Amino acid sequence: MKQIPMTVRGAEKLRKELEYLKNIRRPEIISAIAEAREHRDLKENAEYHAAREQQGFCEGRIQDIEIKLSHAQVIDIKKIKNEGRIIFGATVTLFNITTNDNQVYRIVGDDEADIKENLISINSPIARGLIGRTMDNVAVVIPTPSGEVEYKILKVEYI
């Protein structure tokens, strides 16, 4: 399996979720299964089946996180010299020429992406169009599902 790029913040978030699932959620589910078993007839016991389903989801997520962490390529952007080039983990301030407004994005891994927090996936059209560019690029045209959007790169930060 190939390495999965991840920021330090993203790796820490996954580790915390894994710790929660293993140390808190898993014991809760086991307890719920034990309690449901006490009601006997397992064939018609909705609580038992619901708890077993939760256990399946929990174990699947634990396995998924462990695989991602074992293949993670954690990139600490703060340790890289800022030469004005847009790379994974960079925070970029853009001016949207079409709408005349500024937008700030941080380029992160797929699991960390959250557009509400302006965290965009390295695999998103905007990030793919920005990677490798510098502030010298006056206008960058990014193909998006709603058409081409033209941006001016205002600032590149490694924070």
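The values are calculated or read from the model by the stated rules, or taken from the named source; none is laboratory data. Model, not experiment: these values are computed from the prediction. Cβ coordinates were reconstructed from backbone atoms using ideal geometry, including for glycine residues, and neighbour counts include every protein chain displayed.
Any idea which residue in the range 123-159 is modelled with the lowest pLDDT, counting only those that are acidic (D, E) and over 20 Å from the mean Cα position of the chain (by Cα)? Break it down into steps so the answer makes sense when it comes.
Step one: filter the range 123-159 for residues acidic (D, E), giving 136, 148, 150, 157.
From what is left, the residues that are over 20 Å from the mean Cα position of the chain (by Cα) are 136, 148, 150.
Details: D136: 75, E148: 87, E150: 90.
That would be D136.
All of G89, G60, G84 fail the test of being surrounded by fewer than 16 Cβ atoms within 10 Å (Cβ to Cβ) and closer than 18 Å to R128 by Cα, apart from G84.
Among the residues of the range 10-55, those that are surrounded by fewer than 16 Cβ atoms within 10 Å (Cβ to Cβ), under 30 Å from A90 (Cα atoms) and in contact (Cβ under 8 Å) with a residue 24 or more places away in the chain comprise K13, R15, E17.
Conditions tested, residue by residue: (1) of a type outside the set (G, A, S); (2) closer than 30 Å to A127 by Cβ.
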position: Q3; (1), (2): yes, yes
position: R15; (1), (2): yes, yes
position: A32; (1), (2): no, no
position: G60; (1), (2): no, yes
position: R85; (1), (2): yes, yes
position: A90; (1), (2): no, yes
position: V108; (1), (2): yes, yes
